[in-house]
């Protein structure tokens, strides 16, 4: 016999937006650290 389940509710839109914002912040932080590392590398290369 087939059972009929109620469909799962869609993900909360606020949660999806929060996930996107967190992902953007993480990417921005990584890009910032990479930029700082590049600047430090450049300065060190100029000194030698």
Single residue of 43, 26 found to be exposed (fewer than 10 other Cβ atoms within 10 Å of the Cβ) and at pLDDT 95 or above: 43
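Which ones in segment 9-19 are exposed (fewer than 10 other Cβ atoms within 10 Å of the Cβ) and in a helix (DSSP H, G or I)?
Matches in segment 9-19: 13, 14, 15.
The values are calculated or read from the model by the stated rules, or taken from the named source; none is laboratory data. Remember, it's a predicted structure, so these values are computed and weren't measured experimentally. Cβ: placed from backbone, ideal geometry, glycine included. Neighbour counts: every protein chain shown.
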